[in-house]
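Data block below; observations after.
Since every read-out is calculated from the coordinates, none of them should be taken as a lab result. Every value quoted in this text rests on a predicted model; they were computed, and no experiment measured them. Neighbour counts run over all protein chains shown; Cβ positions are idealised from the backbone, glycine included.
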Amino acid sequence: MAEPRAIERFASLALILEWALGLRVLTADLVQWYTQRKGVLCVFPDTKVYWFLAGTIRDGEPYEVLDWGEIPHFALRTPGYPLFLAVCRFLFGDRPLAVRLVQAGLGVLCVWLVYRLTGQLVPERAKLGAERRRWTPPLVAAALVAFHPYFLVTSALILTEAVFLPLMLFGLWALAVLWAGDDADPSRRQWAWALGAGLAWGAAILVRPSWALFPPVALLAWCVASGRGRRVAAARGAVLVVLGIVVVMAPWWVRNERLFGRFVPTAIWTGASLYDGLNPGATGASDMDFMNDPELWPLDEETQDALLRDRALAFARARPGRALWLAVVKFARYWSPWPNAESFHSPLIALTSASFTIPLFMLMGLGLWDRRRDPRALVILAGPLLYFCGLHMVFASSMRYRIPVEMPAMALAAIGVQRLSHRLDRGRSGEADPSSLG
């Protein structure tokens, strides 16, 4: 009986992946039509910087941006996403649609990675209880990622999320394999999984520097939560993960050392980002108009970054109550069930978005409660979502920053669906409601 069920699950996954690809290709075409109609490269202005930097890589020109009065910025953005765009433009020419279609393929890869991640972490008892059902938690999680409308749009936009997500997910899956549960044996190829996680996360940091603090926190949690018999192995694995990160990021560090004469781990943009979230006119949303200030734009990027960082910290010290209130506002913006941007403000959009976002929140909460005693699931599935929430309570905030890191949390939503279905089944049969799937 096991083999037919395995074949049925494989067929279901193949169908989900087919739908995922078709919907992402369709979304890419629609976004391309929309941007051409508007006469823009993409929906968000950040795309222009990434596209320009990609051109410098492809054409062998200096990796720099001339902006705000033609002042050169040598480390405005890390090179991960521009390198991806450069490869796409080298292969397919300057065609944004080609980039969107490649990213559609990466979106399908994300569906498969969430399927594998969920299968690695879902409690074994939940799997056994679902044997008579076609839709197991890994398939439910994959379906949620495949059909989630915001995930569809993420694949079509020429922004870092499209490349960051598969790198983040692979690293999380590798950590789940390394961090074996109490009832599972550690992987025999721990060194390969550990290096793979490090390489993926190093590349993810070069795509999106805000990810830089999550790996050390996750690795520390792995070492602390491991039992006495596994703590040494966890520490060794953590060292290999760090080694993988260093190998990927070292060329960028060496390049920056030669340019600036000091260690620059990611980009020189933290000061501007911090001031964007903490300044006298801050509202919680991003508004970089202050960069047009004549006192700022003539400065070189290091001086400018230091000045803005000092101003942001001075504001927080002088007005702690205002800074705390802004953190509350940013928290609300991050968890908003509908888009924050004014261009998308309408009752219809808000109602449509809330109609699937709020039930999804409830399912994630149910899954989180079910896994409340499982530190592995809490760190790997809920950790990225909570990490970015804390980060954007300091920096500018929007639901846009939440959407990508909701992807691993779809495994929690799938566990919530499974728990709910168990409850309904037991209710029909008159049995007591189980307190947990695990």
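Quick notes on this one:
- Other residues with beta-carbon under 14 Å from the beta-carbon of Asn279 carry, at +1 per Lys or Arg and -1 per Asp or Glu, a net charge of 0.
- Using alpha carbons only: equivalent-ellipsoid semi-axes of region 222-371, gyration tensor based, whole Å: 33, 32, 16
- Charged-residue dipole, Cβ positions (Lys, Arg, Asp, Glu), region 155-263 about Cα centre, Debye nearest 20: 360 debye
- Ranked by how many other beta carbons lie within 10 Å on average, peptides 310-322, 209-221, 108-120 from highest: 108-120, 209-221, 310-322
- Its Cα centre serving as origin, region 233-311 has a Cβ charge dipole (Lys and Arg +1, Asp and Glu -1) of approximately 660 debye.
- Each residue of region 335-342 was assigned a 3J(HN,Hα) from its phi angle through the Karplus curve 6.51 cos²θ - 1.76 cosθ + 1.60 (θ = phi - 60°); the sequence is 8, 4, x, 9, x, 7, 4, 4 Hz, with glycine and proline shown as x.
- Calculated log₁₀ intensity ratio I(q)/I(0) where the Debye formula runs over C-alpha points of the chain, q = 0.06, 0.07, 0.08, 0.10 Å⁻¹: -0.27, -0.37, -0.49, -0.77
- Calculated [θ] (222 nm, deg cm²/dmol) that DSSP helices of n ≥ 4 give over the chain, each run adding -39,500 (n - 2.57): -22500 deg cm²/dmol
- Seen from every direction in turn and averaged, the convex hull around the alpha carbons of region 250-305 projects onto 4.6 nm².
- Amide H contacts for Asp67 (H built 1.01 Å from N in the peptide plane; partners 5 or more residues away or on another chain; cut-off under 5 Å): His73.
- The chain: DSSP helices with Cα axial extent of at least 24 Å and average Kyte-Doolittle hydropathy no lower than 0.5: 96-121, 161-178, 190-207, 228-260, 347-370
- At 0.890 mPa s and 25 °C, Stokes D of region 21-126 from Kirkwood alpha-carbon radius, µm² per second: 154 µm²/s
- Expected-Rg normalisation [2.2 N^0.38 Å, Cα atoms] applied to region 198-246: 1.18
- Counting Lys and Arg as +1 and Asp and Glu as -1 over every other residue whose Cβ lies under 10 Å from the Cβ of Glu161, the net charge comes to +2.
- Ranking Pro216, Leu363, Leu167 by Cα position along the charge dipole of the chain, where only Lys, Arg, Asp and Glu carry charges on their C-beta atoms, puts Leu363 farthest toward the positive end.
- Here's the picture: charge each Lys and Arg Cβ at +1 and each Asp and Glu Cβ at -1 in the chain, and of Val65, Val247, Gly281 the one pushed furthest to the positive end of that dipole is Val247.
- Think of the chain as a dipole: +1 on every Lys or Arg Cβ, -1 on every Asp or Glu Cβ, centred on the Cα centre; then among Gly229, Leu313, Tyr50, Gly229 lies furthest on the positive end.
- Charge context of Ser397, other residues only, Cβ under 11 angstrom, K/R +1, D/E -1: +3
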